[in-house]
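The values are calculated or read from the model by the stated rules, or taken from the named source; none is laboratory data. Not measured: the values here are computed from a predicted model. Cβ sites come from the backbone with ideal geometry, for glycine too, and all protein chains shown count toward neighbours. Only protein heavy atoms, including side chains, enter the accessible area calculation; ligands, DNA and RNA are left aside. Shrake-Rupley method; radii C 1.70, N 1.55, O 1.52, S 1.80 Å.
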Number of protein chains: 2
Amino acid sequence: MSPPTVPEPTGPRWRRRAEARPEEILEAALAEFTTRGFEAARMEDIAKTAGISKAAIYLYFPSKTALLEALIEAKIGPLANQVQSLALAGQTDPLMTLRMLATAAAHRIGDARVFAVPRLVIGISGRFPEIAEYYRVNVVEKARGALEALIDAGKAKGVIRNVDTKAVARAFIGPILFEGLWTHVLGGETALNDPQKLIESQFDILLSGLENRA
Amino acid sequence: MSPPTVPEPTGPRWRRRAEARPEEILEAALAEFTTRGFEAARMEDIAKTAGISKAAIYLYFPSKTALLEALIEAKIGPLANQVQSLALAGQTDPLMTLRMLATAAAHRIGDARVFAVPRLVIGISGRFPEIAEYYRVNVVEKARGALEALIDAGKAKGVIRNVDTKAVARAFIGPILFEGLWTHVLGGETALNDPQKLIESQFDILLSGLENRA
DNA sequence: CTTATATAACTGACTAGTCAGTTAGTTGCA
DNA sequence: TGCAACTAACTGACTAGTCAGTTATATAAG
């Protein structure tokens, strides 16, 4: 065993990088929160992952809770807005847009890093109801609203028969959500590695129904 | 303000009730875990809720984690077994049995106390993967298996057309699960206070499909 | 029906350890 | 030189789990 050679013998011990820090801290926080949960994650570990000292975090975020809030805002806001505008643009062909949205959603939910945030929200919802509400209003309600508008457009066009819009939205989101929980939370064998196929069978059922009409 | 009168001036300071304690402790633990989350729940508070001292908990359960495990076993095991036997008994009329099971499930999931355990499991799944696995194997896999057997029976009888069984199971469970999360985790307006109606619209969609065939 | 004895059930006070947040001082850079 | 960015070391508060001692109750003996 030779003594460990210093990898960077020259250069400063640290650099002033005030611009880049916040985002790096958020990345590190997401990683720690995701693997250990919010409560068990240690600020010291987040700092280490971000490559700074614990005290430096407090130069950018006033508290651990603030870190969580900022994280959710940064990671989730854009996503919902994207869904919303996509749905709005696709009103002319609602069924195809629905299929596209569902496939995209299944694809993203298959990624553990993406599913980490909703999972985190579920975990802390008891202690931080205001975060749960933020998530509901700014993410789920937005996406759900967009979906319902699309379904209503389909009904108006006559390609979807007259059924309860909210129930249809549930029938689209629910199965994908279930597979996400099954995969990432319960560690079961996943069908999410082939999102295309998943959505295809889902649409087969939803569009044509289960009853035998041969 | 009169000085508070002692409610029970006579009688012992505590009673020996070894038979009743474990269940009371589990009840208290469920309440605390549910409102504060597993990590933030304090053993002292659980003890207070159960009406005993903190040390007394350790006469019955070796650790906080053991408390959580016992809780899940006690609250959930019976439920899954019940689903399983109901499904087995209803093979002769699969569609009616499915409808019955779905209604019962929606009814139960509407109860915040029942939904508390799965919610807890989701929250701690990162830190206690073995608990998540226990839950998957002993609850979800069991119920899902029973459901799939029922669907296969329907296909064999010809009342359900030839579609992917797993996808159908997802299509049954997913929407109910979604509504549970929406209601109890995100605090949204719920459709679960009328489980009958919820399931009716769900079955309308699932059986007949969305396409307009007028 | 007492009263003595044994022990299971329970408590209060403590320990050892953890961790969010603070402070006093150091370093990089303009 | 001046000051913003950063760190090491510290503190205060909190809590899972322990333990020595106390109390309730079952049972046996008088």
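Relative to the current alpha-carbon distance between B:ARG161 and B:ALA104, full extension at 0.36 nm per residue lengthens the span by 18.1 nm. When A:ALA18 is represented by a point 7 angstrom out along its Cα-to-C-beta vector, the spacings to that point in the other copies are 6.7 nm, nearest first.
Computed from label points 7 Å out along Cα-Cβ, the spacing between A:ALA74 and A:GLU44 is 2.4 nm. Shielding of peptide A:162-171 by partners, expressed as the average count of other chain Cβ atoms within 10 Å per residue Cβ, is 6. How are the C-alpha pair distances of the stretch A:104-159 spread across 10 Å bins, as whole percents from the shortest bin up? Reading upward from the zero bin: 21, 37, 29, 12, 1. What are the distances, in nm and sorted shortest first, from the label point of A:ALA112 to the label points of the same position in each other copy, with each label point placed 7 Å from Cα along the Cα-to-Cβ direction? Spelled out, the distances from A:ALA112's label point are 3.3 nm.
Determine, for each peptide in B:126-136, B:169-179, the mean count of other beta carbons within 10 angstrom over its residues, then list the peptides with the highest first. Let's see the in-between values first.
Working: B:126-136: 18.1, B:169-179: 24.1.
Listed from highest to lowest mean packing, they are B:169-179, B:126-136.
Please report how far the C-alpha centroid of the stretch A:56-73 lies from that of the stretch B:10-39, rounded to the nearest whole angstrom. Cα centres, the stretch A:56-73 to the stretch B:10-39: 36 Å.
Provide the buried accessible surface between chains B and A in square angstrom, both chains summed, 1.4 Å probe, rounded to the nearest 100. Before the final figure, lay out the partial values.
On the way: alone 13530 and 13590 Å², together 22060 Å².
The summed interface area works out to 5100 Å².
Here A:VAL137 yields copy-to-copy label distances, from shortest upward, of 4.4 nm, the label point defined as 7 Å from Cα along Cα to C-beta.
This model, with +1 at the C-beta of Lys and Arg and -1 at the C-beta of Asp and Glu, gives chain A a dipole about its Cα centre of some 280 debye. The Cα center of the stretch A:125-201 and the Cα center of the stretch B:85-159 differ in position by 19 Å.
In angstrom, the C-alpha Rg and Dmax of the stretch A:18-61 are 9.5, 28.
Across chain A, Cα-Cα pairs farther apart than 21 Å form 63% of the total. Annotation: per residue accessible area for the stretch B:17-61 equals 52 Å², rounded to a whole number [probe 1.4 Å, protein chains only]. The residues of the stretch A:123-137 occluded by other protein chains by 20 Å² or more of accessible area, set against the chain on its own, are A:GLY123, A:SER125, A:GLY126, A:ARG127, A:ALA132, A:ARG136; surface from heavy atoms, 1.4 Å probe.
The accessible surface of the protein assembly as shown, taken with every protein chain in place and a 1.4 Å probe, is 55 percent carbon and sulfur. For the cross-link pairs A:LYS142/B:LYS197; B:LYS64/B:LYS166; B:LYS48/B:LYS75, the ones whose C-alpha atoms lie over 28 Å apart are B:LYS64/B:LYS166. Summarising the overall dimensions of the stretch A:54-94 from its C-alpha atoms, the Rg and Dmax are 16.8, 53 angstrom. Within the stretch B:45-144, the ratio Rg/Rh, alpha carbon atoms throughout and Rh by Kirkwood, equals 1.07.
Seen from A:PRO118, the other residues with C-beta closer than 15 Å to its C-beta sum to a net charge of +3, counting Lys and Arg as +1 and Asp and Glu as -1. For the protein assembly as shown, the Cβ-based charge dipole about the Cα centre amounts to some 440 debye (Lys, Arg positive; Asp, Glu negative; other atoms uncharged). Shape class of the protein assembly as shown from the alpha-carbon gyration tensor: oblate, with a/c at 1.5 or above and b/c at least as large as a/b.
The Kirkwood radius of the stretch A:115-214, taken over pairs of alpha-carbon atoms, gives through the Stokes-Einstein law at 25 °C and 0.890 mPa s a diffusion coefficient of 157 µm² s⁻¹.
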